[in-house]
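Peer 1: Handing you a structure now.
The values are calculated or read from the model by the stated rules, or taken from the named source; none is laboratory data. The structure displayed is predicted, hence computed values, not measured ones. Don't worry about glycine lacking a Cβ; one is built from the backbone with ideal geometry, like all the others, and counts go over all protein chains shown. Calculation scope for accessible area: heavy atoms of the full protein, side chains included, ligands and nucleic acids excluded. Shrake-Rupley method; radii C 1.70, N 1.55, O 1.52, S 1.80 Å.
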Amino acid sequence: MQVETQKFYYTPEEYLEIEEKAEYKSEYCDGEIITMPCGTTNHNKIAGNFYAYLKFGLRGNNYDIYIGDVRLWIPRYRQHTYPDVMVIEGQPIYTGTSTTTIMNPMLIAEVLSKSTKNYDQGDKFLYYRSIPEFKEYILIDQYQYHVMQYVKTAESQWSFTELEHESATLSLQTVDFKIELRDLYEQVNFAENNED
C-alpha cells in the first residue's frame, strides 16, 4: 500500500507571512518550508561567544554584526535562512521594507550540529557563495575544538584552513579580528553534547 503525502509549494511572500506569525523559526528552500531544529546550550554559547568577541573587537568600525534572529535572503537559489552570525560592511541591504531580512553579508559563521553539518558544509555553502559580498565562511564544531575557515581568494576560488587545538587562533581575513579557540569555546562542556 502506498501512502500519498501532500506537498505544498509556498512563494517567498507566503513564507514570510507564515514566518511572521509562527512560534518557531523555519527556513525557506525554493518553495518548501523547513522547521529549524532547536539548538543546544553549547551551540548557543559558541554562537554567543563568537558574536560577543567579534562585536567588541570590531567596535568603532563600519561593520554590522548580527546573530541568529536576522534572516538572510539568497535570491539566486530562493533561500531564506538564519545564519548563526553574519557580518556586513557598511549598510545592510534589506528585502522589501522590513528590517528582518538582509542580503549582503561578507562573513557568515555557522555552529555545526549533527543534523545540519552536512547541509552547512555542502548545499548551504553553495548558496552562500552566490552572494556577491560574501568572502569568508566559518564553520564551528560544537562537539570538539574544531573550526573550518573558508576565504575567497579570487572568483570561484576559496582557501581552506582547519584549526583543531584549544590554543589555536582563528584569524579572520575579511576583518581585523583574531580569537583563540579557548575563548570561542568558553564555558562549553563537551560532555553535555547529546543533542539531535
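Peer 1: Give the dimensionless ratio obtained when the Cα radius of gyration of the chain is divided by 2.2 N^0.38 Å. All intermediate terms of the calculation are to be shown ahead of the outcome.
Peer 2: Details: Rg = 17.2 Å, N = 196, 2.2 N^0.38 = 16.3 Å.
In units of the globular-protein estimate, the chain measures up at 1.05.
Peer 1: When all protein chains stay in place, what accessible area (Å², nearest 10, 1.4 Å probe) is found for LYS178?
Peer 2: Roughly 140 Å² of LYS178 is accessible to a 1.4 Å probe.
Peer 1: May I ask you to list the chymotrypsin sites (Phe, Trp or Tyr not before Pro) in the range 4-106 that are in a DSSP loop and have at most 10 other Cβ atoms within 10 Å of their Cβ?
Peer 2: Those satisfying the criteria are PHE8, TYR9, TYR24.
Peer 1: Residue by residue, what Karplus-based ³J(HN,Hα) values in Hz, rounded to whole numbers, does the range 110-120 have, using 6.51, -1.76 and 1.60 with θ = phi - 60° and x for Gly and Pro?
Peer 2: 10, 8, 7, 10, 4, 7, 10, 4, 5, 5, 4
Peer 1: If you don't mind, another one. Give me the three principal axis extents of the range 85-186 from the C-alpha atoms, as integers in angstrom, largest value leading.
Peer 2: 43, 31, 28
Peer 1: Placing +1 at every Lys and Arg Cβ and -1 at every Asp and Glu Cβ, with all other atoms neutral, what dipole size does the chain have around its Cα centre, in debye to the nearest 20?
Peer 2: Details: 17 positive and 31 negative charges, 71 e Å.
Dipole of the chain, to the nearest 20 debye: 340 debye.
Peer 1: Taking amide hydrogens as modeled 1.01 Å from N in the peptide plane, which residues meet the under 5 Å criterion relative to ASN104, leaving out close sequence neighbours?
Peer 2: Close amide H contacts, sequence-distant or interchain: ILE93.
Peer 1: Projecting each Cα onto the charge dipole of the chain (Lys/Arg +1, Asp/Glu -1 at the beta carbon, about the Cα centre), which of TYR185, TYR143, PRO132 comes out farthest on the positive side?
Peer 2: In the chain, that residue is PRO132.
Peer 1: Could you tell me which GluC sites (Glu not before Pro) in the range 101-161 are loop residues by DSSP with no more than 16 other beta carbons within 10 angstrom of their beta carbon?
Peer 2: Those satisfying the criteria are GLU133, GLU155.
Peer 1: Could you tell me the distance between the Cα centroids of the range 106-167 and the range 52-97, to the nearest Å?
Peer 2: 15
Peer 1: While we're looking at this one, here's another question. Can you give the three extents of the C-alpha atoms in the range 36-152 along their principal axes, from longest to shortest, in whole Å?
Peer 2: Principal-axis extents of the range 36-152 (Cα, largest first): 38, 34, 28 Å.
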